Amino acid sequence: MSSKSKIAVWGLGKHAINNILPAIQESSKLELVGCYTRNSRILENTCKKYSIKSWVSEDEMLNDFYVDIIYLSTPPELHYNQGLQILESNKHLWCEKPITNNLESTIDLVQLANMKSLSICEGFMYLYHPHFYAFSEFITDLKVSEKISSIKSSFFLPKLEKPGFRFNKELGGSCIYDVGIYPISLITELFKDKEIIINHSNISEEENVDISGSASITIDQYIDCYLEWSYNSTYINRVEIQSESKNIKTDYIFSKKEDYQPIIKILDTHGNYEEVIINARNHFILMLESFTKCLDNQSERLAQEKRILRIAELINRIRSF
């Protein structure tokens, strides 16, 4: 009898098909048991490919006692109501970012998960890659040895041939929640429990959908930080940190192919240059296997809840500034 946790995927868009399903299949701790989507053709093809169960309705999936976890990969505007259904059916909720596009709704889901002792996890795959761990170690060392003076983080996406929900307000289209959420989450992760003051924010909209933005913030009263994000721009995926003696930067911090070997570049005040090369890994597999720690570990669940709320609260402050 398999000791793996049983997981189903709700929503079969491009991301779920290309990244999440293969990662579950490769996981040593999860068993993919089924999928559900309203598109019957995609559902039939996917379930046939993986030899898994399909359900004729979301209620049938939610009432299947064989399923422990549901990975929610539907458009963001649907996450709140569908997340409530998942938690009310006593299944763990693992969800694509954002959990919701609204702070109050996110708080509701986190509180319900906490009340039911169920895990709620948000899909920031980059946080689990050795790339991020290595970069965060540099930051930790700098915080001990010298002052960090500034941080700049940028995430721009090019014009996409098939943007999906991104420009559809009714489906939760929002650049800050889709793209800006990455550099914002990086700050909340690197500087947990530090005071963050928002000095300025700017969000541009077209047809009621925000398409780009930036925020100037101060961390712990002395670190100047500039975050920027955009749709329909030249692709940029980068973070750069300046300290008293070093400039440290790296590309593809948020998203990368599984065979990509990240490089962290370090330049000191004397012009000495160093490169640190990180091993390639599939960050989707690493993320999902890390999520399994939450299934029977309260401290891991609480850490995920705090992470979700920190990110949601900072985004809300930036949007409201």
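The values are calculated or read from the model by the stated rules, or taken from the named source; none is laboratory data. Because the structure is predicted, anything quoted here is derived from the model rather than measured. FYI the Cβ positions are ideal-geometry reconstructions off the backbone, even for glycines, and counts take in every protein chain you see. Ligands, DNA and RNA are stripped out before the accessible areas are found, and what is left, the full protein with its side chains, is counted by its heavy atoms. Shrake-Rupley method; radii C 1.70, N 1.55, O 1.52, S 1.80 Å.
Of all beta bridges DSSP finds with both residues in the chain, what is the antiparallel percent, to the nearest 5?
60
With a probe of 1.4 Å, find how much accessible area the chain has per residue, and write the answer as a whole number in Å².
The answer is 48 Å² per residue.
Which value, in Å to one decimal place, does the Kirkwood hydrodynamic radius take for region 7-104 when every pair of different Cα atoms is included?
For region 7-104, the Kirkwood estimate is 13.5 Å.
What angle, in degrees between 0 and 90 and rounded to the nearest 10, separates the Cα long axis of helix 130-145 from the longest principal axis of the Cα atoms of the chain?
For helix 130-145, the angle is close to 40 degrees.
Note the full-extension length gain between Gln25 and Glu104 as 0.36 nm times their separation in residues minus their Cα-Cα distance, in nm to one decimal.
Result for the pair: 25.0 nm of gain on full extension.
Rounded to whole Å, give me the distance from the Cα center of region 40-94 to that of region 114-179.
Centre-to-centre (Cα) distance: 25 Å.
Taking a cut-off of 37 Å, what percent of all Cα-Cα pairs in the chain are separated by more than that?
The calculated P(r) of the chain puts 16 percent of pairs beyond 37 Å.
Could you tell me which residue out of Tyr231, Leu87, Ser27 lies farthest along the dipole of the chain toward its positive end? Charges go on the beta carbon: Lys and Arg +1, Asp and Glu -1, centred on the Cα centre.
Final value for the positive-end residue is Ser27.
Tabulate in residue order the Karplus-calculated ³J(HN,Hα) for region 225-237, using 6.51 cos²θ - 1.76 cosθ + 1.60 with θ = phi - 60°, rounded to whole Hz; enter x for Gly and Pro.
9, 10, 10, 8, 8, 6, 8, 6, 10, 4, 4, 9, 8
Take Asn39, project a point 7 Å from its Cα along the Cβ direction, then tell me which residues of region 73-101 have their backbone nitrogen under 18 Å from it.
Once the point is set 7 Å along Cα→Cβ of Asn39, 73-79, 96 turn out to lie under 18 Å by backbone N, inside region 73-101.
Run the accessible area of the chain with a 1.4 Å probe and give the carbon-and-sulfur part as a rounded percent.
45
Would you pull out the residues with amide H under 5 Å of Ile253's amide H, same chain only if 5 or more places away, H placed 1.01 Å from N?
Placed amide hydrogens put Arg238, Val239 under 5 Å from Ile253.
Students often check this: by mean Cβ neighbours within 10 Å, which of 157-167, 185-195 ranks highest, and how do the rest follow?
With the highest mean Cβ count within 10 Å placed first, the list reads 185-195, 157-167.
Too long at a 27 Å Cα-Cα cut-off: which of Lys4/Lys192; Lys152/Lys194; Lys6/Lys97; Lys143/Lys306; Lys29/Lys192; Lys159/Lys293?
Cα-Cα > 27 Å for Lys4/Lys192; Lys29/Lys192; Lys159/Lys293; rest within.
Show me, for region 45-52, the HN-Hα J-couplings you get by feeding each phi into the Karplus relation (A = 6.51, B = -1.76, C = 1.60, θ = phi - 60°), rounded to Hz, glycine and proline as x.
With coefficients 6.51, -1.76 and 1.60, one gets 5, 5, 5, 5, 4, 9, 6, 10 Hz.
How many nm is it between the label spots at Asn81 and Asp193, if each spot is 7 Å from the Cα in line with the beta carbon?
A separation of 4.0 nm, rounded to one decimal place.
If packing is taken as the average count of other Cβ atoms within 10 Å, what order do 10-19, 253-262, 272-281, 94-103 fall into, highest mean first?
Per-residue mean Cβ counts within 10 Å order the peptides as 94-103, 10-19, 253-262, 272-281.
Run the dipole for region 90-145 about the Cα centre, Lys and Arg Cβ at +1, Asp and Glu Cβ at -1, nothing else charged, and hand back the magnitude in debye, nearest 20.
Value, rounded to 20: 160 debye.
What are the residues whose amide H is under 5 Å from the amide H of Lys97, where those residues sit 5 or more places off or on another chain and H is modelled from the backbone?
Gly123
For Ser145 and Gln261, what does the FRET efficiency come to when R0 = 25 Å and r is the distance between their Cβ atoms, rounded to the nearest 0.05?
Using R0 = 25 Å, I get an efficiency of 0.40.
So, R0 is 30 Å and r is the distance between the beta-carbons of Ser320 and Glu206; what FRET efficiency does that work out to, to 0.05?
Efficiency at R0 = 30 Å is approximately 0.90.
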